[in-house]
Structures are given as structure tokens and as C-alpha cells.
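Single-structure report; data block below.
Read-outs throughout are calculated quantities, based only on the coordinates presented, and are distinct from any laboratory measurement. Please read these numbers as outputs of a predicted model, since none were measured by experiment. We place every Cβ from the backbone using ideal geometry, glycine too, and count neighbours over all the protein chains shown.
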Amino acid sequence: MSEQERKFDPAKATSFFTGRGHSGWLGLKYSDHGDDWVELELPWREDLLGEEGQRVLASGPILSLMDMASGMAIWRAMDEFTAIATLDLRVDYVRPAREGASVFGRSQCYRVTRSAAFVRGLAHDGDADDPVAHIQAVFMKIAPTARL
Amino acid sequence: MADHPEIDALTPYARSLGITLDRWEDGTPTLSVPFDETVEGRPDHYHGGATGGLLETAGYAALRAELARQDRAAMLKPINITVQYLAAGKSRTSYAQGRITKLGRRSANITVEAWQDDRSRPIATAVMNVFMAEPEG
């Protein structure tokens, strides 16, 4: 499918999601995308540190970053913006992110079924070949008729 | 010994998100976060990342409390977390409490539950593994 035929544009959609709410509070930004993946950027922030006395980003923001990037990867892969909800999300933190560095969350939607979407991804701080975290997640599609 | 240990339950990230120490229950801290724009995903619902952050923070708080009780000093490093989302988080206060399943010398395994109005109907649960390093210096 050519880019013109695509309905879901992650670059444009990011500003919609990050203008408000939790993603807006985190300051997430669009970074890059492909046919079935999206990468978002979490800029360094002093008030997102974890353990006292260590200049290391907390793990919570990485979880949020990956949740958001995963949702967008699913919409990109389906090329449709429908209601989805995270069912299961696993994050392996393989090393601390570097002080002062943005963290990039890249998630790929590798399978969509009638009711579920499966994603995997990684977080890195500049070099995708040296990740800070790996993730695996499953999202449920919420039927339009379901009461939310 | 005091009824509950003096611990730094909240990281700068947790405080920034709006998480507070709600109460102590049998020596375990229960944390809460009010519904606010900082935790909102789709309108009037919690963002999965915010719920995950609350669970993770409650897991660390439970571990810090137990380590303080045992007079152990350690630097905590995350190994992994698996979050199960069971129900949508609605626009009201959420609570979370961790339970230490296994406390070893170098690592701990913690189970955490988050709920809103009804403690017996959790909105999310998590299992975490945390590495405990010797404090530096």
C-alpha cells in the first residue's frame, strides 16, 4: 500500500495523542514509522527519575512510552483507528538509560486477528542495536457496540 | 520498632505522576493516585502506562518497606515487569499494593494489584522481578 492510500498517519496522529492526558504529560513526540511499526521519543526530564540518588530514568515512563508506541503500531498495521485496550504488557529492562538522553520506543505489530493485536518492540537511547528494554504485548480490540 | 518503617516510597517520577502513600496495612504500604490529566488515556479512562506506573511504584514501595524492616540497604534495579490489564480504569482514584512473593539475597519477586472502588475486583495486576545491588561507597 502506498503512503497516499494509507489512512492512519503516525506522524500526524502523534500530535493528537500527545496534546493532552498522560502522553502529553510525558511529552512524547513522533520519531519514525514503517508499515507496521511506530517509534516515539520520550525526551529527558529531571522529574521522571527513579531511585533517589541515581540519575536514572524511572522504569514507569518507559512502560508508558512502549504502551503508546504499541497502540500506534497497531493502528498503523490495521490502518484504522479503532478502540483498543492493553491486555498484557511485559517489559524486560536490560540496562539503564543514559543520563540526559531521550529514550525512543519502537514497537512493531506483527499479527492482528479479529479480536486481538500482538506487538513486540524495544526502547533505546540513540542506538537501536543497544536497547535499554524489550517488550512484548497483546491488545484487545474493543467492539464498537461494547459498552465502555 | 515503629509500626511501619520510614521509607522513601515515592520516586521523583511517582511524585510527579501524583502518586501518594495512602495508608499502611499490616506493614505494607498502599499507594493511590487521583484521576487527573496526568494519568488519562482515552477520555475519562486511565492510560495503561499510568496504571503500570502505579503498580510498579507500589511494588517497589512494598520491597523497600520489607528491606527497611530487615535493616537491609540495597539499590533497586528493575529486571522486568508483566502487567495484566483486567478492567478499564475509570475516572476516579486508583489504589495499589504489592506483596513480596520471594525475597532473596540478590533478587525479589513481587506481585502487585491495583483496584478502584472494590478491592476484590482488581483493574490490573503485575508480577515484577527486582535486582538488589550492594549500595555504592
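Highest GNM mean-square fluctuation, chain B, Cα pairs closer than 10 Å: which of B:GLN97, B:GLN116, B:GLN70?
Of the options given, B:GLN70 has the highest mean-square fluctuation.
Across the residues of A:80-88, average count of Cβ atoms on other protein chains within 10 Å?
If you average over the peptide's residues, the count of other-chain Cβ atoms is 3.
Could you tell me the relative contact order of chain A? Use alpha-carbon pairs under 8 Å, at least six residues apart, and round to a whole percent.
Normalised by residue count, the contact order of chain A is 23 percent.
Given just the C-alpha atoms of chain A, how large is their convex hull per residue in cubic angstrom?
Hull volume over Cα atoms, normalised by residue count, gives 118 Å³.
Provide the per-residue ³J(HN,Hα) series for the range B:17-27, in order, calculated from phi with Karplus coefficients 6.51, -1.76, 1.60 and θ = phi - 60°, each as a whole number of Hz, with x at glycine and proline positions.
After applying 6.51 cos²θ - 1.76 cosθ + 1.60, I find 6, x, 6, 10, 7, 7, 6, 9, 9, 6, x Hz.
Any number yet on Rg/Rh for the range A:1-43, C-alpha, Kirkwood?
That ratio is 1.02, to two decimals.
Taking only Cα atoms, what is the 0 to 90° angle, nearest 10, from helix B:48-69's long axis to the longest principal axis of chain B?
Tilt of helix B:48-69: around 30 degrees.
Report, in deg cm²/dmol and to the nearest 500, the calculated mean residue ellipticity at 222 nm for chain B, where each DSSP H run with n ≥ 4 adds -39500 (n - 2.57) and the sum is divided by the residue count.
Working: 2 runs with 28 residues, N = 137.
Helix contribution divided over all residues of chain B: -6500 deg cm²/dmol.
Across peptide A:13-24, what mean number of C-beta atoms from other chains lies inside 10 Å of a residue's C-beta?
If you average over the peptide's residues, the count of other-chain Cβ atoms is 3.
I need the phi-derived Karplus couplings for the range A:93-109: 6.51 cos²θ - 1.76 cosθ + 1.60, θ = phi - 60°, integer Hz, Gly and Pro marked x.
With coefficients 6.51, -1.76 and 1.60, one gets 8, 8, 6, x, 6, 5, 4, x, 8, 5, 10, 9, x, 10, 10, 10, 8 Hz.
How big is chain B in terms of Cα radius of gyration and Dmax, in angstroms?
In order Rg, Dmax, the Cα atoms of chain B give 14.6, 47 Å.
Can you tell me the 0 to 90 degree angle between the C-alpha axis of helix A:59-78 and the longest principal axis of chain A, rounded to 10?
Tilt of helix A:59-78: around 20 degrees.
Can you list, largest first and rounded to whole Å, the semi-axes you get for the protein assembly as shown by taking the square root of 5 times each eigenvalue of its Cα gyration tensor? It would help to have the intermediate numbers written out before the result.
Numbers: eigenvalues 202, 89, 49 Å².
In descending order the semi-axes read 32, 21, 16 Å.
If amide H atoms are built 1.01 Å from N in the plane of the peptide, which residues on other chains or at least 5 residues away come under 5 Å of the amide H of A:VAL132?
A:ALA123, A:HIS124, A:ASP125
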